[in-house]
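Here's the structure we're looking at; comments come further down.
Since every read-out is calculated from the coordinates, none of them should be taken as a lab result. All of these numbers come straight from a predicted model, not from anything done at the bench. Quick reminder, even Gly has a Cβ in these numbers, built from the backbone with ideal geometry, and neighbours come from all protein chains shown.
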Amino acid sequence: MARAMDNICENILKIDRLKKSFGKYSVLTDVSYSLRKGEIAAIIGPNGAGKSTFFNLITGYHHVDGGTVHFLGREITNWPRHRIARAGISRAFQVSNIYARLTTFENVRQAILAQEKRTLDIFTPAHRLAEKNTLELIDLTGLMPNRKHLAGILSQGDKKKLELALALAGKPELLLLDEPTAGMSSEETQETMELVKRLNREIGLSILFTEHDISVIFGYAHKLSVLYQGMVIAEGTPEEVRKNEEAQQCYLGEEV
Amino acid sequence: MKNKYLFPVALFLLAIALPYIVPEFWVHVLTEILIMGLFAASFNMVFGYMGQLTFGHAAYYGVGAYTTGLLMVKANVPLLLCLPLSMLSAGLCAAVLGYFCVKLRGIYFAILTMAFGQLVYYIIFQWYSFTGGDNGLQGIVPPAFLGKAANPYYFFTLIVVAIGMIALWIISESPFGYTMRAIRDNAERTEFIGINVQRYMHLNFIIAAMFAGLAGALWGPFNRSVAPDLCNWQHSGMPVFMTVMGGPFNFLGPLIGSAIYTMLMAFVTSFTEYWPMVSGIIIILVVLLLPGGLLGLLEDKFPFLRRKDDSEKGAEE
């Protein structure tokens, strides 16, 4: 019994024959995928391969046309977005998706208040709540110098950091990062990915990310999948995928 | 910290002093300013804080006014009890109608709120046996302890409106209030941090309607009557005008807007019947020249008026 449970829980995310089309245009034809608990996995593929759509289906942004999504042994296919977030999947968006007219501090506090289920409180002044946790997370993500600025005026790199902070505030078990380092300088990229790695090591956070930067993928991912024309065509350790001919032709070949 | 309470406290003291200085006609105008100010502030919970334009807010104001009117005329219920009951009936009405409205956003939200507002208007307009139809309800007399003069009812209104405004202020500064700002800025992201956006919008819509109902409840005894026009779409436009004039990004903006609008109307109508034309010109000027309303302009010119952000205090430690 205990073993059976282990087997179910070992895969934090299990996706079976996922399909999605927009009108006549089929984006994902048949994607099966699984992610083990505590793993850092990357998905690559040329533009339009369906990476973002894949994330959008997992997090409930788009309606799944066919197939199933299991998270921690529970089926979450087509759950409403907020329920999937509550269940433990956070995501950071490719194009930063933040609260432009709130300060950095207020952005992060909002996400933390949501996680702490305090957002129905209509009596306590918000500035008395969640201050410690908010500052901790701001410090962790390297946003301390920007905490008082309106999020709308932050640099692209800082917006991406804030994006990550909002995702982390939900205390997720699975973190989906859609091109987390796009728009960042090479130092910022390094800092961000080191943070991701640290979270993975220290609290066992499972991470699934898409990325164009090959050095980031080979430096941080345990597992790499190649998405091409709506299907996973190659999967394995980054080294294995590098040697895979089909994958090279479809994607890696372009870069070499 | 203390600085941000200076302006509202000064306003309140001014509101206490004014009736002893100005003639009785202007005390009536002041009473109207307060009632419409609370109405506009409740509207701004949806407009300024949640980022949706409701064009049917008068329905809830009217439901509040009729609840108090009917209870007082037909059942002799004391006014003090009518006030919470009016909030309740307006809130219930918003719970039903708002359920559908919050499924939409932007112009569609505005149109559906307006359509529901007109629905309420026509029901009240047609239901002669219950609401008096287009005759309205007459003989809504304030309780004896408020007498017949203008001042006592003004002070009663001042207290109720002050309590209402403080309650709205507390809500706007609460985690719920910040969740409204979050939904206004980025509803999509708010879903992904785990918030059921529709449900929160619905709740805020109900809260806003309850305070509109409270404002409406104060109107009947002030005017000694209520009429279906209180629910009509023209009346829904008034908090929109007032809020845009005063400044939707300031908590007190709608109240200031109500003061400007109501005083101008009282002043202009004393010598010409073309008030709608005058108000139209003013609106055009405000929208073109002062996109942040009057308070927005003052804050730009005098930065010390700007509300210091609460988060700064937290971040400095």
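Dividing the helix sum by the residues of chain B, where each DSSP H run of 4 or more adds -39500 (n - 2.57), gives a mean residue ellipticity at 222 nm of -25000 deg cm²/dmol. Can you put A:SER52, A:SER215 in order of Cβ neighbours within 10 angstrom, beginning with the fewest? Going from sparsest to densest Cβ surroundings: A:SER215, A:SER52. In the range B:3-232, Rg over Rh equals 1.00, where Rg is the alpha-carbon radius of gyration and Rh the Kirkwood radius from pairwise Cα distances. With a cut-off of 13 Å on the backbone N, the residues of the range A:32-72 near the modelled label site 7 Å out from A:HIS212 along Cα-Cβ are A:45-49.
Taking other C-beta atoms within 10 Å as the exposure proxy, A:LYS161, A:LYS37, A:LYS51 rank A:LYS37, A:LYS51, A:LYS161 from fewest upward.
Net charge dipole, chain A: roughly 1060 debye, given to the nearest 20, about the Cα centre with Cβ charges of +1 for Lys and Arg and -1 for Asp and Glu. Springs join every pair of Cα atoms under 10 Å in this Gaussian network model of chain B, and among B:LEU11, B:LEU30, B:LEU53 the largest mean-square fluctuation is at B:LEU11. Relative to the 2.2 N^0.38 Å rule of thumb, chain A has a C-alpha radius of gyration ratio of 1.02. For the range B:142-192, GluC sites (Glu not before Pro) are listed when DSSP marks them as loop and at most 16 other Cβ atoms sit within 10 Å of their Cβ; the list is empty.
Of the cross-linked pairs A:LYS117/B:LYS103; A:LYS197/B:LYS103; B:LYS4/B:LYS148, those separated by over 29 Å at the C-alpha level are A:LYS197/B:LYS103; B:LYS4/B:LYS148.
Assuming charge only on the beta carbon of Lys and Arg (+1) and of Asp and Glu (-1), the dipole of the range B:3-232 about its Cα centre is about 240 debye to the nearest 20. Residue farthest toward the positive end of the dipole of chain A, with Cβ of Lys/Arg at +1 and Asp/Glu at -1: which of A:GLY60, A:VAL232, A:PRO145? Checked the options; the winner is A:GLY60. Overall, the range B:147-236 carries a charge dipole of about 240 debye about its Cα centre when +1 sits on the Cβ of Lys and Arg and -1 on the Cβ of Asp and Glu, all other atoms neutral.
Quarter the surface of the alpha carbon convex hull of the protein assembly as shown and you get the mean projected area, 31.9 square nanometres. Projecting the Cα atoms of B:VAL46, B:ILE183, B:VAL226 onto the dipole axis of the range B:3-232, where Lys and Arg carry +1 and Asp and Glu carry -1 at the beta carbon, places B:ILE183 farthest toward the positive end. Exposure proxy ranking for B:CYS231, B:CYS93, based on other Cβ atoms within 10 angstrom of each Cβ and starting from the fewest, stands as B:CYS93, B:CYS231. Among the GluC sites (Glu not before Pro) in the range A:49-149, those placed in a DSSP loop whose Cβ has at most 16 other Cβ atoms within 10 Å are A:GLU116. First select every other residue whose beta carbon is under 14 angstrom from the beta carbon of B:TYR61; then total the charges, Lys and Arg +1, Asp and Glu -1. Residues close to B:TYR61 contribute a combined charge of -2. Per the Kirkwood definition applied to all pairs of different Cα atoms, how many angstroms is the hydrodynamic radius of the range B:137-185? Kirkwood radius, the range B:137-185: 13.4 Å. The mean number of partner chain beta-carbon atoms within 10 angstrom of a residue's beta-carbon across peptide A:84-95 is 2. Summarising the label geometry, the points placed 7 Å from Cα in the beta-carbon direction at A:SER185 and A:LYS197 lie 2.0 nm from one another. Candidates B:LEU70, B:MET265, A:GLY48 compared by Cα position along the dipole of the protein assembly as shown: farthest toward the positive end lies B:LEU70, with charges placed on Cβ.
Computed over chain A, relative contact order equals 26 percent, with contacts defined as Cα pairs under 8 Å that lie 6+ residues apart. Residues considered: A:ARG91, A:ARG118, A:ARG81. Largest GNM mean-square fluctuation over chain A, using C-alpha springs under 10 Å, is found at A:ARG118. Here the range B:155-307 yields Rg over Rh of 1.00, to two decimals, using C-alpha coordinates and the Kirkwood radius.
Cut-off 10 angstrom, C-alpha nodes, Gaussian network model of chain A. Which of A:GLY170, A:GLY236, A:GLY45 fluctuates the most? Top of the fluctuation ranking is A:GLY236.
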